[in-house]
Amino acid sequence: MDRMLFYSTNDAERSSCVSIREALLLGLAPDRGLYLPERFPTVLREELTGYSEMSYAEIAFRILSRYTAGVLDDDVLFELCKDAYSFEVPLEPVQGSGKAHILRLDQGPTASFKDFAARMMARLISHFIRESGKELTILTATSGDTGAAVASAFSGVLGIKVVVLFPIHEVSRRQRLQMTTLGGNVTCLAIDGKFDDCQAMVKRAFADSELRNRLNISSANSINIGRLLPQSVYYFYAASRISKTLKEPLLFSIPSGNFGDMMGAMIAWKMGLPIKKILVPVNGNDAFPTYLATGNYRKIEPSRNCVSNAMNVGHPSNLARLVQLYGGHMDETGHIRKLLDLNALRRDIFSISVSDKETRQTIIDVWNNKKILLEPHGAVAWKGYESWINNHPEDATLPAAILETAHPAKFHEEMERLLGFEPELPPSLALLDHSSENYTQMQVNYDTFKEFLLTRASK
Ligand SMILES: *Cc1c(COP(=O)(O)O)cnc(C)c1O
C-alpha cells in the first residue's frame, strides 16, 4: 500500500510532505504550519457496519492502519492499539431523548478524553524514537487535562523527556497532582500566567532554531497530528454502537477549546462516517461562534477563565486546520490569509457559547431530571445539543452522541456545591492524594524557559 503523506497548512505547493513518522516526531512543521493528511482514506459502508461487532482496539486498528501503512507493521500497530485501549468506553442512553447518548470518554488513567490520543501517540512516538536511537523532549502546554494525559502516557518511557507547562492559578488541585506526582522523566513548570502564555512559550520554542539545533523537541499538544487521528476513532466506535445500520446520519456535540476533539469528528466524517452536523459548543471563549455568525475572526485575548477550564482557549490552534479543509488559509498568528467557504462551514458546523451560569444550571437540571451526572465540560456539550434540537426539532430522533470529556470527580468541589454530594472517585484519582509533588514555578519569560530547557537537557 502507498504511504500516506502529510502536508503543512503553510505549504500551499505541498512541496515538503512527510510520512506519519516525521509528522509525529516534528509536531509542528518547520514552516510553523500544522500537518494534515494529503487525502482522507475512505471507509466503505459495509466495513463501517461491521464495526458494531468489533472491540474499540480493533476499530482503532482499522482506522489508524490507513495512515501508518508502509511505515509501521500492521502487527505492531495492532499490539499498540490493544495496549493503549484497555479501558471501558461507556455509552449511556438519554431517557426520553430519542437516540441520544452520553459518550463517556473519562475511563482512562487520567480520567479525561485526552487519554485516548495521548496513549496512542505516546506508543507511536516511542516506537519511532527507538528505531531512530535518538532522545526526544516533548514540550506540552496544558490548560489542565492534556498535561496529565501526556505525562501519564509517556511516564517512564526510555529516550523521552516530558516538560509540561501549566497555568498555576487555572488548574484544579487534582489536575495539578496528576502531573506533579509522576516525577522521573516528567518535569512540570507551574507558570504564573494563563494557558495562552504557556502555549505561546511552547510555540516560540518550536520556532527557535538555536534551541531546535541543540534539542530534539516535539509537541504533544493537539497541534500534533498524532493527537487528532486517534481522536477520530471514538466517533466510529460510538456510531457503531448507537446505530448499527448507519441508515441515518449522526449528530455529535463536542465541548471545544483547542478544537482537536472536533477535528477528530471532521476526520471521521471525511473518511465516510455519515454525520448530519457537528455541534461545537464552547464556553465564554467565543471567538469561533462569533466568527461563524459575523465572518470576522478575532482571538479572545487574554482568554477568559471559565468553569469548564480545559476549554479556556482564546485562539483555538486547530482552526488553521479547519480553515484549510474549507479552502482557506490561516497563518500561525491567527490571521486568515485566504478566505474559506464560510457557507460550507456553516452548513456542516453549529457553534454556540455557553456561559458558566448555563453550565452550572445544566449540571443541576440534568441530574434532577434525568439522573445523569455531568461535569462542566459535558454540561457545555449537553447545552450545545439541546440548543440545536430546540431550533431543529426534526433532528431530535437522529442518533446522537453528547461527549462527556472528563470524569465528574475531577471537579469535585464544583459538583459538591451544585449537587450537594461528591462524585465517587475512580481509583486512578484516589491514589493521588497520597503522592508527593514536584514542580518548578516560573514567570512568563521565554529566556528563563529556554535556559531551563537547555540546562535540563544537558543533564
Ligand atoms: C481538552 C479538553 C476539552 C477541549 O478539547 P479540545 O480538543 O481542546 O477542543 C474538553 N473537555 C475536556 C475535559 C478537556 O480536557
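Some points to look at:
- Amide H partners (placed H, <5 Å) of Ser218, local residues excluded: Thr137, Ile138, Leu139
- Whole-number percent relative contact order across the chain, with pairs defined as alpha carbons under 8 Å at least 6 apart: 19 percent
- Karplus (6.51, -1.76, 1.60) ³J(HN,Hα), θ = phi - 60°, over segment 251-256, in Hz, Gly and Pro reported as x: 10, 10, 10, 10, x, 10
- Centroid-to-centroid, using Cα positions, segment 22-69 and segment 371-430 are 28 Å apart.
- Beta bridges by DSSP in the chain, antiparallel share as percent, to the nearest 5: 25 percent
- By the beta-carbon count within 10 Å of each Cβ, the least crowded to most crowded order of Phe113, Phe288, fewest first, is Phe288, Phe113.
- Cut-off under 5 Å, modelled amide H: who pairs with Ile102 long-range: Glu92, Val94, Ile402
- Out-of-range pairs (alpha-carbon distance over 27 Å; input Lys194/Lys357; Lys277/Lys410; Lys82/Lys244; Lys270/Lys410): Lys277/Lys410; Lys270/Lys410
- For q = 0.14, 0.21, 0.25 Å⁻¹, Debye-computed log10 I/I(0) when each Cα of segment 286-378 counts as one equal scatterer: -0.61, -1.03, -1.25
- Relative contact order, percent, segment 4-152 [alpha-carbon distance under 8 Å, six or more residues apart]: 18 percent
- Sorted ascending by nearby beta carbons within 10 Å, beginning with the fewest, Cys306, Cys17 become Cys17, Cys306.
- Sequence ranges 149-157, 59-67, ranked by mean other-Cβ count within 10 angstrom, highest first: 149-157, 59-67
- When the convex hull of its Cα atoms is projected in every direction, mean area for the chain (nm²): 20.2 nm²
- The charge dipole of the chain, taken about the Cα centre with unit charges on the Cβ atoms of Lys, Arg (+1) and Asp, Glu (-1), comes to about 540 debye, rounded to the nearest 20.
- Neighbourhood net charge (9 Å Cβ-Cβ; Lys/Arg +1, Asp/Glu -1) for Lys410: -2
- Once backbone amide H atoms are built at 1.01 Å from N, His315 has Ile300 as its partners under 5 Å, excluding neighbours fewer than 5 places away on the same chain.
- Note, ³J(HN,Hα) from phi for segment 420-430, Karplus 6.51, -1.76, 1.60, rounded to Hz, x at Gly and Pro: x, 8, 9, x, 5, 7, x, x, 4, 7, 4
- Prolate/oblate/rounded label for segment 37-163 (Cα gyration tensor, a/c 1.5): oblate
- Peptides 32-39, 433-440 ranked from most to least packed, by the mean per-residue count of other Cβ atoms within 10 Å: 32-39, 433-440.
- In a reduced charge model with +1 at each Lys and Arg Cβ and -1 at each Asp and Glu Cβ, segment 305-371 shows a dipole moment near 180 debye about its Cα centre.
- For the peptides 347-359, 312-324, residues were scored by their other Cβ atoms within 10 Å and the scores averaged per peptide; the highest-first order is 312-324, 347-359.
Each reported figure results from applying straightforward, stated rules to the coordinates on display, with no laboratory input. Please read these numbers as outputs of a predicted model, since none were measured by experiment. Cβ sites come from the backbone with ideal geometry, for glycine too, and all protein chains shown count toward neighbours.
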